[in-house]
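Colleague: Before I ask anything, here is the structure I am working with.
The values are calculated or read from the model by the stated rules, or taken from the named source; none is laboratory data. The structure presented is a predicted model; accordingly, all values stated were derived computationally and were not measured. Every residue, glycine among them, receives a Cβ derived from its backbone with ideal geometry; neighbour counts consider all protein chains shown.
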Amino acid sequence: MSYYDNDFYNEPSEFEQQVDELKESLSNAVKDEFKAEMERLRKENAELQVVKQDFKKIQQDYKAKEQELERERSVVRQEIRRERLSSLMKDFEVILYTPNSNRKSGPKCDKCDNSRKIPYKTPLGKSVTEDCDCNNNITYFEIKEHVCSSFSSSDGEFRAWYKPYDSTEDYFTYDSSDLAKFIYSGEKFEDLKEHHWRIYFRTKEECQAYCDWLTEKEANKLKER
């Protein structure tokens, strides 16, 4: 072999071969470690995706349950309000009736003219007339319908205001609303004096009976004169 043979110088030494093998071994080791790490991260990411989906489902289930509970609470609150309102309104009626006084003329007497007027002269000689006692001399009572116009509830007490209503004309009268403090519940008519003008009846029949009773009382007063 010639000392100047290029193959002698170009042929890798045993040390260089070991270095190359070490490099390749390290490179393969790094690649394997990288692949293993990538596989681990892929699996971990897949598991995290499952956890993420499960967490979203848990959140959705929680929100749905929370909404369901709120609906149930709302239903319970409404039922409690309805029961309380029903208890407060157990005696409530939309329409009530009261006796209303009116006047009419009885039989005509022989002291007045056809218009039930009595003519006379004033001290100054002026001719004037005035109503005869037989004109509009009879007081009678008739039913007056009242419709609830407003109501309120405070301190566990229910209050309702009623306003006269003309059912024939289908409109409220111009009278102010009145608080229904006393509603008839079977008392004797003789015991209703203090409630005479503020008593309300639930039925027309009860109110009519009271109107007839009051009318008879007024007729007896007229006879006693």
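Colleague: For the subset of segment 65-89 comprising residues that are in a helix (DSSP H, G or I), closer than 28 Å to residue 202 by Cβ and hydrophobic (A, V, I, L, M, F, W, C), which member is modelled with the highest pLDDT?
Modeller: Among them, the one singled out is 80.
Colleague: Looking at (1) at pLDDT below 80; (2) surrounded by 15 or more Cβ atoms within 10 Å (Cβ to Cβ); (3) of a type in the set (Ser, Thr, Tyr), find the lone condition where residue 184 falls short.
Modeller: Looking at each condition in turn, residue 184 falls short on (1).
Colleague: Looking at 154, 177, 167, can you tell me which residue is farther than 13 Å from residue 99 by Cβ, in contact with a Lys or Arg (Cβ under 6 Å, 6 or more places away or on another chain) and modelled with pLDDT under 80?
Modeller: Numbers: 154 fails: in contact with a Lys or Arg (Cβ under 6 Å, 6 or more places away or on another chain); 167 fails: in contact with a Lys or Arg (Cβ under 6 Å, 6 or more places away or on another chain).
None of the other options fit; the residue is 177.
Colleague: Give me the residue from segment 109-148 that is of a type in the set (Ser, Thr, Tyr) and surrounded by 14 or more Cβ atoms within 10 Å (Cβ to Cβ) and, out of that set, modelled with the lowest pLDDT.
Modeller: 139
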